[in-house]
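Visitor: Have a look at this one.
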Amino acid sequence: MTVFCGIDWAESHHDVALVDQDGTLLAKRRISEDAAGYRLLLELLAEYGDSPDAPIPVAIETSRGLLVAALRTGKRKIFAINPLAAARYRDRHGVSRKKSDPGDALVLANILRTDMHAHRPLPDDSDLAKAVAVLARAQQDAVWSRQQIGNQVRSLLREYYPVALDAFLGKQGGLARPEARAVLAAAPTPRAAARLTLPQLRAALKRAGRVRGIDIEAERIKTALRAEQAHQPPLVEDAMGAQLLALLGQLDAACRAVDDLAQAVEASFLQHPDAEIMLSFPGMGVQLGARVLAETGDDRERFADARALKSYAGSAPITRASGKKRFVGRRFIKNNRLANAGHQWAFAALKASPGADTHYRRRREHGDWHAQAQRHLFNRMIGQLYHCLQTRQPFDEQHAFTSSSADLAVAA
C-alpha cells in the first residue's frame, strides 16, 4: 500500500495526516514541537509501513527547522509546498472557504497523492553545503543590516551635522569605516567637534586601527568638522547627538557581525570540494562564491539541466504568449539571493574576463540596457558554472567565450 503524509506546520504543534493511494484517510494525529513529538511522528510513520527501503514521502509548508531535520533521515523525500499553492489546492476539496489545521494536513497529503510529479523534493545537499548556506545568508543579512543602519546615520547627520558627511562619505566604506565611527563617537555633535584637539583625533584614529598617515588624516578631519554650517538649537542638537550614539552602537555591532561571519564563511567555503572550481571563474571571490553555493547547493541532481538552474536564478527570460500577443521579459519569481549574487558576479567579471567584457558590449550594441546586458552575461556564466560542476573541471576562458573571441578577432 502506498502512503502519503501531510503535516500542517505551526509554532507549538503540528497536525499530521496519512492517506493511501485512493485518498482514504488512514490516520491523523497532533504532535508537539519537541523531541517527544518528533519521536511520536516517526513511530506513526513506521506503523504505516515507513522503512529505510520504502520511506513515506512527506509534504510540509516549510523547508527548515528541527521538524524537517528529524524527517530528513535516510532516503525520505520531503516536499516543501508553497503556502499559496496549498491554499489553491484547498479549493479542490470544498468551496465554502472553511479551514482547519487537520484539514490543511489532509490537503498536503493529497497534493502528494495526486501531483507529486509536479513538485520537487528538498535537495540532498551535504552537511557542509548546508553549513555554508547558513553562514553565507547570515553574512549577507548582516551586510544589509549594516547598510540600513548606515543609511539611518546618514539621514540623521544631514539634519544637524552635515560637515561630518563631507568628512567621511568621500572615503571608501563611508560612515561604516572604523575611523568614521570612532571620530563620531568622540564628537557626536558639531559643538563637541569644535572642541576636539589634534591629540584626541589621533587617539581616536589609533583606536580605530589606523597605523599610517595619522597626523595628516587628523588634520584633515579637524578642518572638515570645523567648517561653517548651520546649527540646530542646543537642546535639539544634544538630543540628536544622543540618537547618533545609539545608532553608532548598532552600527558597530553590525560591522563586527559582518567581519566575524565573513571569516566563518571563508573557513567553511574553502573546505568544500566545489570551492576550487567556483573560484576559477572570473569575478568570483570567496564571499560571492559562498553565496552562490548556498543557493544552488551541491546536489548534482537538483537541477535537470542548465536551463533549470538559469530559471531558478532568474536570469533566463520568460515568455508569455496568448493569441496574437507574445512577450519575452525577465523573471520576477526567482531566488532573490542568487539573483543578487549574480548581479555582483557579472559586474565583477567585466574587468576580470576579456570574453565577458566582449559579450557584455556586444549585447549593449544590440540595444540591451545595462541591466539587461548584465543579466544576459550572468545567464551565460551560470550555465558555464553548471557545466563545470557537472564535469568537475575549472573555468577555461578560451572555451567559455569562443564565439566572443572569434567576433573580436573579426572586428580587429
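The values are calculated or read from the model by the stated rules, or taken from the named source; none is laboratory data. What you are looking at is a predicted structure, and each value in this text was computed from that prediction instead of being measured. Note that we place each Cβ from the backbone using ideal geometry, even for glycine, and neighbour counts take in every protein chain shown. Only protein heavy atoms, including side chains, enter the accessible area calculation; ligands, DNA and RNA are left aside. Shrake-Rupley method; radii C 1.70, N 1.55, O 1.52, S 1.80 Å.
Visitor: Do we have any residue at all in the range 371-390 that's outside any loop (DSSP other than H, G, I, E, B), among the charged types (D, E, K, R) and farther than 26 Å from Gly297 by Cβ? Even if it seems obvious, please write down each step before you answer.
Guide: So in the range 371-390, the residues outside any loop (DSSP other than H, G, I, E, B) come out as 371-390.
After this cut, where a residue has to be among the charged types (D, E, K, R) as well, the list is 375, 380.
Cutting the leftovers down to farther than 26 Å from Gly297 by Cβ gives us none.
Scanning the range 371-390 turns up no residue that is outside any loop (DSSP other than H, G, I, E, B), among the charged types (D, E, K, R) and farther than 26 Å from Gly297 by Cβ.
Visitor: Same structure, new question: In the list Gln271, Gln287, which residue meets the criterion of being of a type in the set (S, T, N, Q) and either surrounded by 18 or more Cβ atoms within 10 Å (Cβ to Cβ) or modelled with pLDDT under 95 (or both)? Step through it out loud before you land on a result.
Guide: On the way: Gln271 fails: either surrounded by 18 or more Cβ atoms within 10 Å (Cβ to Cβ) or modelled with pLDDT under 95 (or both).
Criteria check complete, one pass: Gln287.
Visitor: Out of Leu41, Leu25, Leu128, Leu122, report the one residue that is buried (at least 18 other Cβ atoms within 10 Å of the Cβ) and in contact (Cβ under 8 Å) with a residue 40 or more places away in the chain.
Guide: Leu122
Visitor: OK, next. Which members of the range 72-99 meet the condition of being under 13 Å from Gly6 (Cα atoms), outside any loop (DSSP other than H, G, I, E, B) and either in contact (Cβ under 8 Å) with a residue 40 or more places away in the chain or open to solvent by 90 Å² or more (accessible area, probe 1.4 Å) (or both)?
Guide: Once the filter is applied, which keeps residues that are under 13 Å from Gly6 (Cα atoms), outside any loop (DSSP other than H, G, I, E, B) and either in contact (Cβ under 8 Å) with a residue 40 or more places away in the chain or open to solvent by 90 Å² or more (accessible area, probe 1.4 Å) (or both), the range 72-99 yields Ile78, Phe79, Ala80.
Visitor: Taking the residues in the range 299-311 that are open to solvent by 30 Å² or more (accessible area, probe 1.4 Å) and touching a helix residue (DSSP H, G or I) at 6+ places or on another chain (Cβ under 7 Å) as candidates, determine which candidate is nearest to Ala264 (Cα to Cα).
Guide: Arg300
Visitor: Identify, please: which residue in the range 108-132 is small (Gly, Ala, Ser) and over 17 Å from Val3 (Cβ atoms) and is, among those, farthest from the chain's Cα centre (by Cα)?
Guide: Applying the filter and picking the extreme gives Ala118.
Visitor: Is one or more of the residues making up the range 62-71 free of Cβ contacts under 8 Å to residues at least 12 places away in the same chain and within 18 Å of His119 (Cα to Cα)?
Guide: Yes, that holds for at least one residue.
Visitor: Still on this model: For the range 141-150, state whether one or more residues are among the hydroxyl-bearing types (Ser, Thr, Tyr), touching a residue at least 12 places away in the same chain (Cβ under 8 Å), part of a helix (DSSP H, G or I) and out of contact with any strand residue (DSSP E or B) (no Cβ under 7 Å at 6 or more places or on another chain).
Guide: Checked against the condition, which is being among the hydroxyl-bearing types (Ser, Thr, Tyr), touching a residue at least 12 places away in the same chain (Cβ under 8 Å), part of a helix (DSSP H, G or I) and out of contact with any strand residue (DSSP E or B) (no Cβ under 7 Å at 6 or more places or on another chain), the range 141-150 yields at least one hit.
Visitor: Filter the range 183-200 down to the residues that are open to solvent by less than 50 Å² (accessible area, probe 1.4 Å) and within 23 Å of Pro234 (Cα to Cα) and list them by number.
Guide: Residues of the range 183-200 that are open to solvent by less than 50 Å² (accessible area, probe 1.4 Å), as a first pass: 183-184, 186-190, 192-193, 196, 198.
Result: Val183, Leu184, Ala186, Ala187, Pro188, Thr189, Pro190, Ala192, Ala193, Leu196.
Visitor: Here's something else I'd like to know. Whether any residue in the range 247-264 is touching a His at 6+ places or on another chain (Cβ under 9 Å), under 30 Å from Gly383 (Cα atoms) and surrounded by 14 or more Cβ atoms within 10 Å (Cβ to Cβ) is what I want to check. Reasoning before the result, please.
Guide: The initial filter retains those residues of the range 247-264 that are touching a His at 6+ places or on another chain (Cβ under 9 Å), namely none.
No, because not a single residue in the range 247-264 is touching a His at 6+ places or on another chain (Cβ under 9 Å), under 30 Å from Gly383 (Cα atoms) and surrounded by 14 or more Cβ atoms within 10 Å (Cβ to Cβ).
Visitor: Continuing with the same structure: For the range 312-330: of the residues being among the hydrophobic types (A, V, I, L, M, F, W, C) and surrounded by 12 or more Cβ atoms within 10 Å (Cβ to Cβ), which is modelled with the lowest pLDDT?
Guide: Once the filter is applied, the top-ranked residue is Ile318.
Visitor: Which members of the range 1-22 meet the condition of being open to solvent by 20 Å² or more (accessible area, probe 1.4 Å) and β-branched (Val, Ile, Thr)?
Guide: Of everything in the range 1-22, just one residue is open to solvent by 20 Å² or more (accessible area, probe 1.4 Å) and β-branched (Val, Ile, Thr), namely Thr2.
Visitor: Looking only at residues that are free of Cβ contacts under 8 Å to residues at least 40 places away in the same chain and charged (D, E, K, R) in the range 153-177, which one is most open to solvent (accessible area, probe 1.4 Å)?
Guide: Per the criteria, the residue is Arg158.
Visitor: Please go through the range 337-369 and pick out each residue that is open to solvent by 100 Å² or more (accessible area, probe 1.4 Å) and assigned to a helix (DSSP H, G or I). Lay out the reasoning, then the answer.
Guide: Here is the first cut: in the range 337-369, the ones open to solvent by 100 Å² or more (accessible area, probe 1.4 Å) are 343, 347, 351, 361, 364-366, 369.
Selection gives His343, Phe347, Lys351, Arg361, Arg364, Glu365.
Visitor: Could you say whether any residue in the range 32-47 is within 19 Å of Ile111 (Cβ to Cβ) and touching a helix residue (DSSP H, G or I) at 6+ places or on another chain (Cβ under 7 Å)?
Guide: Looking for residues that are within 19 Å of Ile111 (Cβ to Cβ) and touching a helix residue (DSSP H, G or I) at 6+ places or on another chain (Cβ under 7 Å), one finds none in the range 32-47, hence no.
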